[in-house]
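The values are calculated or read from the model by the stated rules, or taken from the named source; none is laboratory data. Everything numeric here is computed off the predicted structure, so don't read it as measured data. We place every Cβ from the backbone using ideal geometry, glycine too, and count neighbours over all the protein chains shown. Protein only, heavy atoms only, side chains kept; ligands, DNA and RNA dropped before computing areas. Shrake-Rupley method; radii C 1.70, N 1.55, O 1.52, S 1.80 Å.
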Amino acid sequence: MTYSALILTALAGAIAGQAAPSSLPNQPDKGSFHAKPRLISERSSLVPGETAWIGLTFDIDPGWHTYWDGAGDTGQPVNAKFTLPEGYTVGEILWPTPERLVSPGEILDYVYEKRVTALISITVPMNAKTGDDISLSANLWWLECEDICIPRKADVTLSLPVAAAGATPDPTKDAPRFDEARKRVPRPVAEGKKAYRAEWVGDRLRIQAPGAVGIVFYPHVTSLPMSDALHEGMRKGDQLDMEFRPRDGARVLGILEVRRPDDRSKEETDTERTTRARLISEFYTLDMPGPAAAAPPGNTKDPRKQQPGN
Amino acid sequence: MTRKVLVSVLMAGTLAFGAAALAQNTTKDQPKKDAHTTKVDKDHGHDHAAEPKKAKVGEKAPDFTLTDLDGKKWTLSELTKQRKVVVLEWFNPDCPYSGVKHYKNHQTMNETANAYKDRGVIWLTINSGTDQAGGSKERNEQARKDWSIKHPILLDEGAKVAQTYTSKNTPTMYIIGADGTLVYWGAIDNDKSADTVGTVNYVAKALDQVLAGETVTDAQTKPYGCSVKYPKNDSDSKDTEKKNRK
């Protein structure tokens, strides 16, 4: 049997001697979700013509994690399809920076533990009717793992009233989750340019952040791939040097974390000397061309190397 | 009547990125099937240093010996002596992307193995997991029974072979050509979800090329799936990042 015949068989879905598979992703009967999703709102009502922030939040059982859409070794990120009423649109979806999780076998993943909230901006139409109740929903699928992994699917809904135009609704009890998430949502590329310098030295990308005591890079799944993310993606000090595997046209894309000492720790008295300084982190989107595109201008003969400036 | 607006959300930010399969073309030609090849290897003299060489596409695949469920030993170099093409499938019966997707809900592995077994291709399924993570003779035996697996299932105790092959996912697929060179390393198919099988079976495609004496065009793809369950004594991570506690 050839390759093409095998594909036809797979597509025909012939399954001999087994129970017919469910049309849903595999849902083993392992009890309730370990990552429990909700759609939440920062404010208690929607205001016509304004942008509202809603959140997709997961409460995650101890020992379990979900995944960021990173270039990790295993896992699957959260996938969400929103259903909104007429006139409402989704703007930005902002996922906070994950954490690196290293498993035996030098396996590196980018995960969320305990709690994560993705921030979603919703544009409320000008003609939204005060007093209406609006329903926003999302169809979700994700992977939650501990030692074992369980793919999950769920629908979540949020109901909100429409306030009068120009109103300033109160924050909800979920509002703190938005502040928490904002602390780890990466700042735009332009802001990063003031905090660090990134330049290619051959196949190696050198990041320098004056004053930093640690730098971490979290590559997005579509980024130019790293040679050794486990050992090169994180360093103490103010410089990060990462080798990338060449691939035409791909950009380096991800999140850069710059760790600095917390100035407040200087307030300790002599009798309270601690061995570990407190650190604060800043997160920036890193989005830049690969090494070939950044080749020095003398290379005018090769049209492939003439890339638009970043 | 409300109009439903479906917005598919997967990635952070609003930049659009094409889905990128990490296919890297190998520019190295397949060595000719030549009686001299194995002779030259033998003449190389002393063995490697204590640390076994790690797998690399385009190079000789690391040798190993593992035992199947019937007590039979399988040694890669012996299969190469017999000019067999060898497929290695890293496997975890309980992983939604391995046992559940490609044996229980779909028949990808059995069908592909059966399609090529009469063409000089040996398919070896390898379970490197710890005892608690389904890496036991009993669990493999159960899988063989449940899913009518006809090809050998090997137990890689201590994940030693997984280490030399740097295997991180179940499933991860490797294809070793008849001359012992590693010619493919990656996923089984191009659909990394837990429920649907992709439109491209990378292993079948590569086997067709290998058996026709052609270079494998998609020699390295990114595997997907659960992590291989290595024993938990690693502590190579020095910084303040999380360690998997279990």
Yes or no: segment A:83-95 includes at least one residue that is more than 8 Å from every other protein chain (Cβ to nearest Cβ), in a strand (DSSP E or B), touching a residue at least 24 places away in the same chain (Cβ under 8 Å) and open to solvent by less than 30 Å² (accessible area, probe 1.4 Å). no
Could you list all residues from segment B:207-221 that are out of contact with any Lys or Arg (no Cβ under 8 Å at 6 or more places or on another chain) and closer than 21 Å to B:Lys168 by Cα? B:Ala219, B:Gln220, B:Thr221
Within the bounds of segment A:147-156, is there any residue that is open to solvent by less than 30 Å² (accessible area, probe 1.4 Å) and within 30 Å of A:Asp262 (Cα to Cα)? no
Can you confirm whether segment B:55-75 contains a residue that is in contact with a His (Cβ under 9 Å, 6 or more places away or on another chain) and surrounded by 23 or more Cβ atoms within 10 Å (Cβ to Cβ)? no
If you go through segment B:140-156, how many residues are touching a residue at least 60 places away in the same chain (Cβ under 8 Å) and either touching a Cys at 6+ places or on another chain (Cβ under 7 Å) or part of a helix (DSSP H, G or I) (or both)? 3
Take segment A:213-233 and flag every residue that is open to solvent by 10 Å² or more (accessible area, probe 1.4 Å) and either of a type in the set (A, V, I, L, M) or assigned to a loop (DSSP other than H, G, I, E, B) (or both). A:Val213, A:Val221, A:Thr222, A:Pro225, A:Met226, A:Ser227, A:Asp228, A:Ala229, A:Leu230
Out of all the residues in segment B:174-187, is one or more without any contact (Cβ under 8 Å) to a residue 12 or more places away in the chain and either surrounded by fewer than 24 Cβ atoms within 10 Å (Cβ to Cβ) or more than 16 Å from the chain's Cα centre (by Cα) (or both)? no
Sort through B:Val200, B:Val216 and tell me the only one that's within 13 Å of another protein chain (Cβ to nearest Cβ), out of contact with any Leu (no Cβ under 8 Å at 6 or more places or on another chain) and closer than 26 Å to A:Trp141 by Cα. B:Val200
Restricting attention to segment B:51-80, the residues that are β-branched (Val, Ile, Thr), farther than 27 Å from B:Ala143 by Cα and touching a Phe, Trp or Tyr at 6+ places or on another chain (Cβ under 8 Å) number exactly 1
By residue number, the members of segment A:47-82 that are more than 9 Å from chain B (Cβ to nearest Cβ) and of a type in the set (Phe, Trp, Tyr) are A:Trp53, A:Phe58, A:Trp64, A:Tyr67
Out of contact with any strand residue (DSSP E or B) (no Cβ under 8 Å at 6 or more places or on another chain), open to solvent by less than 70 Å² (accessible area, probe 1.4 Å) and of a type outside the set (D, E, K, R): which single residue out of A:Pro125, A:Pro186 fits that description? A:Pro125
For A:Glu144, work out the one condition from (1) open to solvent by 80 Å² or more (accessible area, probe 1.4 Å); (2) within 21 Å of the chain's Cα centre (by Cα); (3) within 14 Å of another protein chain (Cβ to nearest Cβ) it doesn't fulfil. (1)
Which numbered condition A:Asp248 misses (of (1) open to solvent by 50 Å² or more (accessible area, probe 1.4 Å); (2) at pLDDT 95 or above): (2)
Please indicate, with yes or no, whether at least one residue in segment A:29-40 is open to solvent by less than 20 Å² (accessible area, probe 1.4 Å), part of a strand (DSSP E or B), modelled with pLDDT of 95 or more and under 18 Å from B:Pro96 (Cβ atoms). yes
